[in-house]
Amino acid sequence: MSGYRGFAGVDSAGPDTGAGETSDELLVGRLKRLLLEEVDLHELGRLDESQRRTRLERVLNHLVSTEGIILSTRERTSLVRRVVDEAVGLGVLEPILADPAVSEIMINGHDTVYVERFGVLERIPSGFTSNEQLLQTIDRIVSTVNRRVDESSPMVDARLPPDTRLPRGARVNVVLPPLSLRGPTVTIRLFPRRYGMDELVQRGAIDQPTVELLAAAVRARLNIVVSGGTASGKTTMLNALSAFIPERERIVTIEDAAELALVQEHVVQMETRPPNVEGRGAVTIRDLVRNALRMRPDRIVVGECRGGEALDMLQAMNTGHEGSLTTVHANTTDDALSRLETMASMSEVEVPFQALREQVNSSIDLVLQLVRTADGTRRVVEVSYLSSRRREEFALNRLVHWDPRTLGRSGTPGAFVRHPVHPALAARLQERGQSLPDGFVRAGGSHELDAGGGVSWS
């Protein structure tokens, strides 16, 4: 990779040609070189990042004064921050990472940077000055987790642990030319902060009676699948659901990149490992699910089922590990069940298709469907109970669905519509010491139905 990262993480760049650069970029480059001449790199290396930044900002302010550069206070602050960001930080990415509203950063070549704020994509006006500068930033990112990416290994996927720059941690994916035709491509997914159910209710993602039903289901050890498309909030919902697991239970979490942040004390977190440069040493979700069964878990939480591990997960749910949770990529609750069935068939164990249907019917209890709307809103649009058994066709009984055409109590469009609860689900909750929350009625009881077969609430 081009560029040399000097001691203490300060770039030791060669002289600028100035070709194609703006006056601002030339000024930043000149100040960067002067800064490198002025500071003692060995002394700088003994400081932590915040101390290093403070020292460099002090030196830079002095340099700007001695160079006779006339700037307003705001312009000077912005210039100093930009030079320090490029010297010891991640350059253009630093102010983006400092924005708590940003959930994802997408770099399509050095001059095209998009961010996602509140579920909506927008292009930011600034970009990297060159592919070389972007490559230096990529090198700085992946080296923090002892990974490398270059022409011989042009793809990398890694989790960045939380630090002062990334307090929530992040997952980074890099693709270099010749695989990426527009130059280096970087996708940084910032792990979401933990949202409790109360906050999700306030945001309109779910209503309180549905929360109480899900809490009862988790405490009653029902197996729950959270379904949704990309960035629909599946991990956030999985985190929120996990808060209802009793403190006394042993929980094992399994993820590709450790995003879950469970509040319980007795939690074992496991994360997959990619193969090394020789293509060896990979540890998959399936490997971890199988190993988790030997760890005496009360509950297993799998961040996402996407392959043959679905069979192991279903078998675990059906053989003494009730109350487990997982997510799948699917657009509807019906699709979620079909996907689980298909993924279970991807295992090297040859299982008749009808037997796989029986595994799903015997293992899954509830399916939650999440969506992200065009305006970036994330919402639960359906909660259904799987009432089919053995090798029957899948039969989902709606408990809740979001109807955008129904007016809520406040007169605003959209409301959660509740449906009578299947007798088998009501009986199971009762057997486990849980009761139906207010607003839900057992099928066959006295209730008022709207035209859609449900009870409408805002």
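Values quoted throughout were computed directly from the atomic coordinates according to the rules given, and no laboratory measurement underlies them. Keep in mind it's a predicted model, so treat the numbers as computed, not measured. All Cβ positions, even for glycine, are placed from backbone atoms using ideal geometry, and neighbour counts span all protein chains on display.
List of remarks:
- For percent of Cα pairs over 28 Å apart, the value calculated from this model appears in (1) 48; (2) 65; (3) 59 under label (3).
- Convex hull volume of region 347-439 per residue (C-alpha atoms, cubic angstrom): 154
- Dipole in debye (nearest 20) - region 150-246, about Cα centre, beta carbon charges: Lys, Arg +1; Asp, Glu -1: 100
- Computed E for M346/Q202 - FRET, C-beta separation, R0 51 angstrom, nearest 0.05: 0.80
- A simple rule links phi to the HN-Hα coupling: the Karplus curve 6.51 cos²θ - 1.76 cosθ + 1.60 with θ = phi - 60°, which for region 55-70 gives 4, 5, 5, 5, 5, 5, 4, 5, 4, 4, 5, 5, 7, x, 7, 8 Hz, with x for Gly and Pro.
- Whole-angstrom gap from region 193-229 to region 383-434, using each part's C-alpha centre: 13
- Computed from label points 7 Å out along Cα-Cβ, the spacing between T377 and I124 is 2.8 nm.
- Remark: the T77-M295 segment gains 73.1 nm on full extension, using 0.36 nm per residue and subtracting the alpha carbon distance.
- Pair E393, Q264: separation of 7 Å Cα→Cβ label points (nm): 3.8
- Per-peptide average of other Cβ atoms within 10 Å, ordering 370-376, 180-186 highest first: 180-186, 370-376
- Förster radius 41 Å - calculated FRET efficiency between A355 and A282 (Cβ-Cβ, nearest 0.05): 0.90
- Shape of region 235-387, Cα gyration tensor, a/c cut at 1.5: rounded
- Against the rule of thumb 2.2 N^0.38 Å, how large the Cα Rg of region 125-208 comes out: 1.42
- Of P297, L90, N108, farthest towards positive along the dipole that unit charges on Lys, Arg, Asp, Glu beta carbons give the chain: P297
- Ranked by how many other beta carbons lie within 10 Å on average, peptides 241-248, 326-333 from highest: 326-333, 241-248
- Under Karplus coefficients 6.51, -1.76 and 1.60, residue-wise ³J(HN,Hα) of region 153-159 in Hz, glycine/proline x: 9, x, 10, 8, 9, 8, 9
- Each peptide in 271-284, 378-391 receives the mean, over its residues, of other Cβ atoms within 10 Å, and ordering these scores from highest gives 378-391, 271-284.
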